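Step one of this worksheet: look at the structure below.
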Amino acid sequence: MADIAAHKGIWVFAEQRDGRVQSVALELLSEAQKLAADLGSEVSAVLAGDEAIESQVQMLFDHGAVNVYLVTHPELKEYRTAPYTRAVVELIKQYKPEIMLIGASTQGRDLAARMAIRLNAGLTADCTGLAIDPEKKILLQTRPAFGGNIMATIITPNHRPQMATVRPKVFRKSKVKNQNSKVIKFKPTINAEDLLVKILQIVKDESVKVNLQEAEIIISGGRGIGDPKNFKIVEELAAVLNGAVGASRATVDAGWISAHHQVGQTGKTVAPKLYIACGIAGKIQHLVGMQDSDNIVAINKDPDAPIFKVATYGIVGDCLEVVPALTRKIKELRG
Ligand SMILES: Cc1cc2nc3c(=O)[nH]c(=O)nc-3n(C[C@H](O)[C@H](O)[C@H](O)COP(=O)(O)OP(=O)(O)OC[C@H]3O[C@@H](n4cnc5c(N)ncnc54)[C@H](O)[C@@H]3O)c2cc1C
């Protein structure tokens, strides 16, 4: 318990790919500032890479980091589990943060789990809400549990840092101007045993044409579209609106569309300006992935479908008629 008092500050792991800080890190910095205000604490970012990564430091300051721990080593240019774990754990042991937030990306999930074991710390994966307990001043980590049927709030009172991963787009990034920002340079010790895995080549998956999490407009199809070939009407509406195509898990499980398109608890979390749900019931596991969208249009033939509870606009009707009619009208309006 004595050691707990020695841990101070909220840290965000600033995930980078191809030398560029990922959006999820900036989203976490924004949320970390609210937590820091409640905790009376400071927000820091941990940026790891080779020497060239220093170019990304300013972006972290611009999004709320007061300190940036710049962890550089030639072997940290690309992400690999062992050297990254070694470097970040060494940094944590030296500087002792109270809270560590990491994006729940493939990289972050891998790193967070490994770090938690090395540090003997608790870790709550895929949080959808974070807060500070006003009395105990510990991190309240909320996430769906039991298949999304309840929201569980998890605490890790006896170990530090308190660690949580959060999926991209759960929080919104915001720009801030910080005075007194500071870079703390750190050279980790990386051993031969950390370098057993070598990256020979990085091949981008060209089949992933959708970047749902970056799209401002998403048109999603559910089982109500009736047939895999009817995804064509969803794609046509997406094309006229310059949007991306999403899907419910029922359609993914049925093999109608690839899992890259799935929105929801076990798919992607999205928050576009416009989300159009076509023939989607709106079960809680789907809603947790899209309910923070600015505007939600639901098209469903059942007036009691739960999707209407979160919809800004609801259309009760057959999506096989409504969706092509919308596409026609938008084409007409746009000449
Ligand atoms: C642990 C767990 C994780 C899960 N993760 C996810 C997830 O990430 N994402 C996800 O989506 N689901 C997830 N699910 C599944 C989820 O519970 C639902 O089963 C799924 O979302 C249902 O998909 P759907 O709405 O397309 O299909 P259905 O539930 O079959 O609903 C189809 C809807 O279409 C309407 N409809 C039918 N015909 C028409 C028509 N012609 N025109 C208009 N409307 C019509 C119906 O009224 C109905 O509301 C998860 C479940 C579990 C247990």
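Listed here are the residues, each with its yes/no results for (1) modelled with pLDDT of 95 or more; (2) crowded, with 17+ Cβ neighbours inside 10 Å; (3) under 22 Å from Ala65 (Cβ atoms).
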| site | (1), (2), (3) |
| --- | --- |
| Ala87 | yes, yes, yes |
| Gln94 | yes, no, yes |
| Ala131 | yes, no, yes |
| Lys136 | yes, no, no |
| Leu140 | yes, yes, no |
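The C-beta contact set for segment 276-289 (first residue without any contact (Cβ under 8 Å) to a residue 40 or more places away in the chain and within 15 Å of Thr251 (Cα to Cα), second residue more than 7 Å from the ligand (Cβ to nearest atom) and aromatic (Phe, Trp, Tyr), distance under 9 angstrom, 6+ apart or interchain) comprises Gly282/Phe308.
What is the residue count in segment 295-317 for residues that are in contact (Cβ under 8 Å) with a residue 24 or more places away in the chain and either of a type in the set (A, V, I, L, M) or near the ligand (Cβ under 9 Å from one of its atoms) (or both)? Reasoning before the result, please.
We begin by selecting, within segment 295-317, every residue in contact (Cβ under 8 Å) with a residue 24 or more places away in the chain; these are 299-301, 305-311.
Among the residues that remain, those that are also either of a type in the set (A, V, I, L, M) or near the ligand (Cβ under 9 Å from one of its atoms) (or both) are: 299-301, 305-307, 310-311.
The total comes to 8.
From the list Leu101, Leu91, which residue is in the same structural domain as Ile138 (by TED's automatic domain parsing), in contact with a Leu (Cβ under 6 Å, 6 or more places away or on another chain) and in contact (Cβ under 8 Å) with a residue 40 or more places away in the chain?
On the way: Leu91 fails: in contact with a Leu (Cβ under 6 Å, 6 or more places away or on another chain).
On inspection, the qualifying residue turns out to be Leu101.
Looking for something within 16 Å of the ligand (Cβ to nearest atom) and either touching a Phe, Trp or Tyr at 6+ places or on another chain (Cβ under 9 Å) or not assigned by TED's automatic domain parsing to the domain that holds Gly19 (or both) - is there at least one such residue anywhere in segment 197-206? No, segment 197-206 contains no residue that is within 16 Å of the ligand (Cβ to nearest atom) and either touching a Phe, Trp or Tyr at 6+ places or on another chain (Cβ under 9 Å) or not assigned by TED's automatic domain parsing to the domain that holds Gly19 (or both).
Taking segment 271-283 as the search range and keeping residues that are within 11 Å of the ligand (Cβ to nearest atom) and surrounded by 24 or more Cβ atoms within 10 Å (Cβ to Cβ), which one is farthest from Val240 (Cα to Cα)?
To start, the set of residues in segment 271-283 that are within 11 Å of the ligand (Cβ to nearest atom) comprises 277-283.
Narrowing the set further to residues that are surrounded by 24 or more Cβ atoms within 10 Å (Cβ to Cβ) leaves 277-280.
Details: Ala277: 16, Cys278: 16, Gly279: 19, Ile280: 21 Å.
This residue is Ile280.
Going by the conditions given, is Thr189 surrounded by fewer than 17 Cβ atoms within 10 Å (Cβ to Cβ), closer than 21 Å to Asp110 by Cα and modelled with pLDDT of 90 or more? Full working, then the answer.
Values: surrounded by fewer than 17 Cβ atoms within 10 Å (Cβ to Cβ): yes; closer than 21 Å to Asp110 by Cα: yes; modelled with pLDDT of 90 or more: yes.
The answer is yes for Thr189.
Can you name the residue in segment 147-184 that is of a type in the set (S, T, N, Q) and buried (at least 22 other Cβ atoms within 10 Å of the Cβ) and, of all such residues, is farthest from Val24 (Cα to Cα)? Among those that are of a type in the set (S, T, N, Q) and buried (at least 22 other Cβ atoms within 10 Å of the Cβ), it is Gln162. Is it true that some residue in segment 255-267 is farther than 22 Å from Phe171 by Cα, near the ligand (Cβ under 6 Å from one of its atoms) and either free of Cβ contacts under 8 Å to residues at least 60 places away in the same chain or in the same structural domain as Ile217 (by TED's automatic domain parsing) (or both)? No, that holds for no residue. Flag set for Ile218, criterion: in contact with a Pro (Cβ under 9 Å, 6 or more places away or on another chain), aliphatic (A, V, I, L, M) and at pLDDT 95 or above.
Could you list, in sequence order, all residues of segment 139-165 that are part of a loop (DSSP other than H, G, I, E, B) and either under 15 Å from Met100 (Cα atoms) or in contact (Cβ under 8 Å) with a residue 60 or more places away in the chain (or both)? Explain how you work it out, then say what you get.
Of segment 139-165, the ones part of a loop (DSSP other than H, G, I, E, B) are 146-149, 155-161.
Selection gives Gly147, Gly148, Asn149, Ile155, Thr156, Pro157, Asn158, His159, Arg160, Pro161.
The values are calculated or read from the model by the stated rules, or taken from the named source; none is laboratory data. From a predicted model like this one, the values you see are computed outputs, not experimental measurements. Cβ coordinates were reconstructed from backbone atoms using ideal geometry, including for glycine residues, and neighbour counts include every protein chain displayed.
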